[in-house]
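The values are calculated or read from the model by the stated rules, or taken from the named source; none is laboratory data. What you see is a predicted model; the values in this text were computed from it and never measured. Positions of Cβ are generated from backbone atoms using ideal geometry, with glycine treated the same way; all protein chains shown enter the neighbour counts. Note: accessible area is taken over every heavy atom of the protein model, side chains too, but ligands, DNA and RNA are not part of it. Shrake-Rupley method; radii C 1.70, N 1.55, O 1.52, S 1.80 Å.
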Amino acid sequence: NHRENNYLMSLSFDSKRIGIAVADISTGEFKSSEIEYKDFDKTLEDLITIVHPTECILSEKDYNNPNILNFLKSHSVQNIYCFVPWETDIKVVSYIIKNQFKIFSLEIFNIDKDIHSQIATAALINYLKSTQMDRLGHITKISQLIQSDNMHLDRSTIYNLELLHSIRFQESQGT
């Protein structure tokens, strides 16, 4: 649907936290968050439901993990790419983000303490630079994808309330 966002998603995670960055290159929207989880699959499923990405980039390690790939594919993420120059050095990651947004501190976007959010954000910026030939001037800020002061709805609730798509016709019209 041409009215829906066309999100590209980047993920970084460990055994306790998931960092996610999403961008819609056509609108310049860029969001990032980090979430502590108890159940990785449920948390990732909820994030995919909220974002509904058309593409996902992963580090080489995560891309070569069949469990992650199968999980994403089973949740309608069909375009999954391995992005090899995936940076994890926090100083380099911080520099990439600060350079893109012309800022001196990551506190401006409230991601200064979120390592996985920063890694996912830097990876997405580098991926976009490599595919969009540095035409990213319209991406000027990072918003929080998940606000801690908002109520979090899980996948089942979003689906049953038909917030994004109708159950019967799988369309966004009338929701």
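Below, the figures for the structure above:
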{"read-out": "Test for Val84: is it among the β-branched types (Val, Ile, Thr), under 13 Å from Ala123 (Cα atoms) and surrounded by fewer than 13 Cβ atoms within 10 Å (Cβ to Cβ)", "value": "yes"}
{"read-out": "Verdict on Ile25 being open to solvent by 50 Å² or more (accessible area, probe 1.4 Å), of a type in the set (A, V, I, L, M, F, W, C), in contact with a strand residue (DSSP E or B) (Cβ under 9 Å, 6 or more places away or on another chain) and within 22 Å of Cys82 (Cβ to Cβ)", "value": "yes"}
{"read-out": "Cβ pairs under 6 Å, 6+ apart, first in segment 103-116 and under 17 Å from Thr88 (Cβ atoms), second open to solvent by 50 Å² or more (accessible area, probe 1.4 Å)", "value": "Leu106/Asp112; His116/Arg17"}
{"read-out": "Those residues of segment 99-147 which are assigned to a helix (DSSP H, G or I) and more than 18 Å from Ser12 (Cβ to Cβ), in sequence order", "value": "Asn99, Phe101, Glu107, Ile108, Thr131, Gln132"}
{"read-out": "Selection count, segment 40-66, where residues are within 18 Å of Val22 (Cβ to Cβ) and assigned to a loop (DSSP other than H, G, I, E, B)", "value": "4"}
{"read-out": "All positions within segment 89-111 that are surrounded by 14 or more Cβ atoms within 10 Å (Cβ to Cβ) and hydroxyl-bearing (Ser, Thr, Tyr)", "value": "Ser94"}
{"read-out": "Single residue of segment 73-92 satisfying the filter (touching a helix residue (DSSP H, G or I) at 6+ places or on another chain (Cβ under 8 Å) and part of a helix (DSSP H, G or I)) that is nearest to Glu45 (Cα to Cα)", "value": "Ile90"}
{"read-out": "Test for Phe30: is it open to solvent by less than 50 Å² (accessible area, probe 1.4 Å), out of contact with any helix residue (DSSP H, G or I) (no Cβ under 7 Å at 6 or more places or on another chain) and not charged (D, E, K, R)", "value": "yes"}
{"read-out": "Flag for Asp154 being open to solvent by less than 60 Å² (accessible area, probe 1.4 Å) and either basic (Lys, Arg) or modelled with pLDDT under 90 (or both)", "value": "yes"}
